[in-house]
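A.B. asks: What follows is a single structure, and I will ask about it in a moment.
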Amino acid sequence: MTGSLSPSLCKLDKLTTLIVADWKDISGEIPACVTSLPDLRILELIGNKITGQIPENIGQLSKLTVLNLADNKICGSIPASIVNLGKLKHLELSNNQLTGEIPSDIGKLGMDLSHNHLCGPIPNGSPFDHLEASSFSNNDCLCGSPLRTC
């Protein structure tokens, strides 16, 4: 499979799992309409050439438990609405081109935000205080525990 993710995916309103991993030839942006899939629980688009930003209204996916967008070319900041993903258990955004700060309210998640262009202080509290430095490594200017002091 090559090309971009078709917006026609969004017509699959009973879709619970979307995994497109390591196909290498999937490119383009994440269709914004994917955030309107009411039953989506797992969204994994790993190891492709996906560009653009994480859809701003990603927080509408109220049943999402896994969001893994690692190893792509996704840019922009982590959307503030991501904190609305109350059932999210795992967040993997490593090896992209994300910029900006880490929203402090995503602290309840297990996560890997390494290998991006994130800046600013790592939020305090759980689970940030339990994560290894490798979860934040190779960013432009992140600081705070477990990295260097701000």
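A.B. asks: Counting only residues that are modelled with pLDDT of 85 or more and farther than 20 Å from residue 143 by Cβ, give me the strands (runs of 3 or more DSSP E) lying completely in region 83-126 with at least 1 of them.
C.D. replies: 90-92
A.B. asks: From the list 129, 71, which residue is in a loop (DSSP other than H, G, I, E, B) and among the acidic types (Asp, Glu)?
C.D. replies: Criteria check complete, one pass: 71.
A.B. asks: For region 74-82, indicate whether the set of residues that are aliphatic (A, V, I, L, M), modelled with pLDDT of 90 or more, farther than 22 Å from residue 131 by Cβ and crowded, with 19+ Cβ neighbours inside 10 Å is non-empty.
C.D. replies: no
A.B. asks: Kindly indicate the residue of region 83-111 that is among the β-branched types (Val, Ile, Thr) and surrounded by fewer than 19 Cβ atoms within 10 Å (Cβ to Cβ) and also nearest to residue 18 (Cα to Cα) among those meeting that condition.
C.D. replies: By that ranking, first place goes to 83.
A.B. asks: Which condition from (1) part of a helix (DSSP H, G or I); (2) surrounded by fewer than 16 Cβ atoms within 10 Å (Cβ to Cβ); (3) in contact with an Asp or Glu (Cβ under 8 Å, 6 or more places away or on another chain) is the one that residue 33 breaks?
C.D. replies: (3)
A.B. asks: Looking at (1) more than 23 Å from residue 95 (Cβ to Cβ); (2) touching a residue at least 24 places away in the same chain (Cβ under 8 Å), which one does residue 46 not meet, given that it meets all the others?
C.D. replies: The failed condition is (1).
The values are calculated or read from the model by the stated rules, or taken from the named source; none is laboratory data. These numbers were taken from a predicted model, which means no experiment stands behind them. Glycine gets a Cβ as well: all are built from the backbone with ideal geometry, and neighbour counts include every protein chain shown.
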